[in-house]
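The values are calculated or read from the model by the stated rules, or taken from the named source; none is laboratory data. Note that the coordinates shown come from a computational prediction; the quantities given were computed from them, not determined experimentally. When we count neighbours, we look across all protein chains shown, and the Cβ atoms used for this are built from the backbone with ideal geometry, even at glycine.
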Amino acid sequence: MNRAEMIQENTEQRKVQVKNLLRVNGLEGIEPGDAVKMAFPKAFDTLSPSAKRGYLNTEQFFNAYNLNTNGEFAYHNVAWRSLFVPTEIMYAMGLLPFTTEMVASQLAMTGAARERIETAEAHNFSGDLCSFMKTVAGGVIEDIFPTPDVLITSTHLCDPSAKYAELAAHKYKRPEFILDIPYGLYDLAASTDEKDIKRVEEGVDYVYEQLLEMVAFVTEHTGLTLEDETLRQVIRWTNEARTWLNEGNDVVLQQRTAAKKGVRELDYAANLMQTWGTERIVDVYKSRCKEYKGSTAAGEDDSRPRIAWFHLRPYFKTPLMTYLDERIDISASQVNYAFWEPLDPADPIRSIARRTVLHPAFSSVTARTGIAIDEIPEDTEGIIAYYPKSCRHFHGGSIMENEMFKKAGIPILTIDGDCIDDRGEDFPIVKTRVDRFLKSIKKHPRSKR
């Protein structure tokens, strides 16, 4: 199949797939163009920072089905992407990322995830597999996602995604590229030992070479090319957005702000976002920072404890986050931690490779817990870790993590939940555990500092 034939096939398949998507969301019979217009009642520039973030995600979601925000057709070169595959190179080449894990969260928010999970399980996907992956697998089986031009995944952190992508590549008969990321290099990053330094640099070189291969792969299968100046501009946008993100984070860390709400803050999920490298992500984090700085500080009578939040939140409908918003002030979150140094426009691909391999979450429990102990503000009274039971990486290390925080004198509550699958949700039990935790930290020495 030549490129023109593939574009034609993708176009026809996406027309069917968007209708399938609308059907599972209870919008059967509505024309796709009209559904898109309904999703964008206001212009981007008029929105709040958190709404701008949502606008970008929704815009890109419909773009993947060849629909612009005005409901009109426009073909997009779509790359299915797993979390932690760098997006800057994609944007510089004219590829639109379609991040499968983020799609799962969107389905959970609309109440459409459960049936997709059950579809996957009915097709022999294990009941204890990552619910993000099961949701997307069910969507692939039901053909509700846009056919990709290419698939690009990695072994980074959430490694089931690379295995799942093989299913998708087979289903859509589209080429797949897998980035192999060496584990644990962050553990060595601060070492002065020559052997450790060498291992880190070898890891950076290893991923750098793969990124070059990825560029060649995209060109081979789509005809898109990478222009140096375009990539440098993309890098500049990422660096500017990072600056605004950190400045906003400083406000969150140092003071209570009336504008900050737990759910909205966690939904920025900065180090997971697929919009790094776009011009509009600069606006999102700049607006967030200005909103926080301009909001009226909470009064001194605000007795809510300041809590650091680990991992993500439940995306399905649950009273948990509203309940917590009324009782805690989230002073920091893992997913909004900008762990990387500014990217180098003069050597962009290598600096992207360095950021990719030196992700602190892709390290030992000892290393990533040590970072948290060092970074958590003194006035933070405890941690709530919301870990999906199906997440081997985070939930699997929670016992060791809890012991380390206890030794460091930081109270922690681990909630064994799920981000996508609501079938095991039991709010009354979780509420009881939260209440006991918040009561206990009032008596903890850390709260009396």
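Of the conditions (1) surrounded by fewer than 19 Cβ atoms within 10 Å (Cβ to Cβ); (2) in a helix (DSSP H, G or I); (3) β-branched (Val, Ile, Thr), residue 30 clears all except one; give me its number.
Just one mismatch for residue 30, condition (2).
What's the total number of residues in the range 248-299 that are at pLDDT 95 or above and acidic (Asp, Glu)?
2
Which one of these is on the phi < 0 side of the Ramachandran plot, touching a Cys at 6+ places or on another chain (Cβ under 6 Å) and surrounded by 20 or more Cβ atoms within 10 Å (Cβ to Cβ): 107, 67, 83? Spell out how you get there, then give the answer.
Working: 107 fails: touching a Cys at 6+ places or on another chain (Cβ under 6 Å); 67 fails: touching a Cys at 6+ places or on another chain (Cβ under 6 Å).
Checking each option against the conditions leaves just 83.
Looking only at the range 93-122, which residues are hydrophobic (A, V, I, L, M, F, W, C) and over 19 Å from residue 271 (Cα atoms)? Break it down stepwise before answering.
The initial filter retains those residues of the range 93-122 that are hydrophobic (A, V, I, L, M, F, W, C), namely 93, 95-96, 98, 102-104, 107-109, 112-113, 117, 120, 122.
Listed by number, the residues that qualify are 93, 95, 107, 108, 109, 112, 113, 117, 120, 122.
Kindly indicate whether any position in the range 45-62 is surrounded by fewer than 20 Cβ atoms within 10 Å (Cβ to Cβ), touching a strand residue (DSSP E or B) at 6+ places or on another chain (Cβ under 7 Å), outside the structural domain of residue 418 (by TED's automatic domain parsing) and not hydrophobic (A, V, I, L, M, F, W, C).
yes
Report, by residue number, each residue of the range 84-122 that is in a loop (DSSP other than H, G, I, E, B), polar (S, T, N, Q) and farther than 18 Å from residue 153 by Cα.
Going residue by residue through the range 84-122, those that are in a loop (DSSP other than H, G, I, E, B) are 84-87, 94-95, 110-112.
Okay, now just the ones that are also polar (S, T, N, Q), so 87, 110.
The answer is 110, and nothing else.
So is residue 342 part of a loop (DSSP other than H, G, I, E, B), over 16 Å from residue 234 (Cα atoms) and in contact with a helix residue (DSSP H, G or I) (Cβ under 8 Å, 6 or more places away or on another chain) or not?
Values: part of a loop (DSSP other than H, G, I, E, B): yes; over 16 Å from residue 234 (Cα atoms): no; in contact with a helix residue (DSSP H, G or I) (Cβ under 8 Å, 6 or more places away or on another chain): yes.
Against the criterion (part of a loop (DSSP other than H, G, I, E, B), over 16 Å from residue 234 (Cα atoms) and in contact with a helix residue (DSSP H, G or I) (Cβ under 8 Å, 6 or more places away or on another chain)), residue 342 does not qualify.
Which of (1) among the aliphatic types (A, V, I, L, M); (2) at pLDDT 95 or above; (3) touching a strand residue (DSSP E or B) at 6+ places or on another chain (Cβ under 9 Å); (4) under 28 Å from residue 21 (Cα atoms) does residue 144 not meet, given it meets every other one?
In the conditions (1) among the aliphatic types (A, V, I, L, M); (2) at pLDDT 95 or above; (3) touching a strand residue (DSSP E or B) at 6+ places or on another chain (Cβ under 9 Å); (4) under 28 Å from residue 21 (Cα atoms), residue 144 misses (3) alone.
Would you list the helices (runs of 4 or more DSSP H) that sit entirely within the range 240-327 and hold 2 or more residues that are of a type outside the set (Asp, Glu) and within 30 Å of residue 424 (Cβ to Cβ)?
Numbers: elements: 262-268, 279-294, 320-325.
In the range 240-327, 262-268, 320-325 are the helices (runs of 4 or more DSSP H) which contain 2 or more residues that are of a type outside the set (Asp, Glu) and within 30 Å of residue 424 (Cβ to Cβ).
Considering only residues of the range 377-394 that are farther than 23 Å from residue 323 by Cα and surrounded by fewer than 20 Cβ atoms within 10 Å (Cβ to Cβ), which is farthest from the chain's Cα centre (by Cα)? If you could, list the steps in order and put the result at the bottom.
Residues of the range 377-394 that are farther than 23 Å from residue 323 by Cα, as a first pass: 377-378, 390-394.
In the following step, the residues that additionally are surrounded by fewer than 20 Cβ atoms within 10 Å (Cβ to Cβ) were identified as 377-378, 392-393.
Working: 377: 24, 378: 27, 392: 17, 393: 15 Å.
Looking at the filtered set, the residue picked out is 378.
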